[in-house]
1. Quick check, is residue 94 under 21 Å from residue 23 (Cβ atoms) and either aromatic (Phe, Trp, Tyr) or out of contact with any His (no Cβ under 7 Å at 6 or more places or on another chain) (or both)?
2. Show me the strands (runs of 3 or more DSSP E) entirely contained within the stretch 1-119 in which 3 or more residues are within 18 Å of residue 130 (Cα to Cα) and at pLDDT 95 or above.
3. Keeping to the stretch 85-112, report how many residues are farther than 16 Å from residue 139 by Cα and touching a residue at least 60 places away in the same chain (Cβ under 8 Å).
4. Going through 154, 163, 145 one at a time, which residue ends up being part of a loop (DSSP other than H, G, I, E, B) and at negative phi?
Amino acid sequence: MTTAAGTSRVILASSSPRRRQLLRDGGIDFQAVSPPIHEPAGGQLSRLTPFQQAEALAYFKARTVAEQFPEAMVLGADTIVAAADGRVLGKPAGPQQAREMIEQLSGTRHAVITGVALLGPSRRRFIASSSSYVTMREMTGAEIQDYVDSGKWQGKAGAYAIQETGDRFIDSVEGSFTNVMGLPMDLVQQMIAAAQR
């Protein structure tokens, strides 16, 4: 799906190379603009459900970029992992936190939730989320340490990226695979189509 002549252009409010690639693969013509680094503090979001947290962060990213592009459709997204015990896992701050996250997810079925916000011209807003369920196989201590040492956990919600770990650690995925990668393309395409009506 490409942006037709005469319709608003799509601005991706993200610095994620995975999200950029997913939009390219989906045939969507877009420009990427990195949102400001600072996100709302975790304490402000702690009273929200994981779905509400992902949607709020996606909206925050889209809104900060939309101020620069009032005539464009601005797409923001945020992915979080909800562990089996309900704890929300964002991006690890360092190797120790990455190890703790992988240890918590190892051998469990957990939710990957991506909030998506599309802000269009004339203040039109489309905000929703998508969830998928990932079953990670039981990992050995040595496998976890090798993975942490690789640095592949950096910048990844829940400390892993399915496109990089693949079959090594994942037993199954229920739901949208692109959602687990960081952008549920079916939902994004529906939002863009609705915004162009």
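1. On the way: under 21 Å from residue 23 (Cβ atoms): no; either aromatic (Phe, Trp, Tyr) or out of contact with any His (no Cβ under 7 Å at 6 or more places or on another chain) (or both): yes.
Spelling it out, it is not the case that residue 94 is under 21 Å from residue 23 (Cβ atoms) and either aromatic (Phe, Trp, Tyr) or out of contact with any His (no Cβ under 7 Å at 6 or more places or on another chain) (or both).
2. Details: elements: 10-13, 30-33, 73-82, 109-119.
The qualifying strands (runs of 3 or more DSSP E) are 73-82, 109-119.
3. Quick first cut of the stretch 85-112, residues farther than 16 Å from residue 139 by Cα only: 85-97, 111-112.
From what's left, touching a residue at least 60 places away in the same chain (Cβ under 8 Å): 89-92, 97, 111-112.
Residues flagged as farther than 16 Å from residue 139 by Cα and touching a residue at least 60 places away in the same chain (Cβ under 8 Å) within the stretch 85-112 amount to 7.
4. Numbers: 163 fails: part of a loop (DSSP other than H, G, I, E, B); 145 fails: part of a loop (DSSP other than H, G, I, E, B).
Just a single option satisfies the conditions, and that option is 154.
The values are calculated or read from the model by the stated rules, or taken from the named source; none is laboratory data. Note that the coordinates shown come from a computational prediction; the quantities given were computed from them, not determined experimentally. Because the Cβ atoms are built from the backbone with ideal geometry, glycine has one as well, and the counts that use them run over all protein chains shown.
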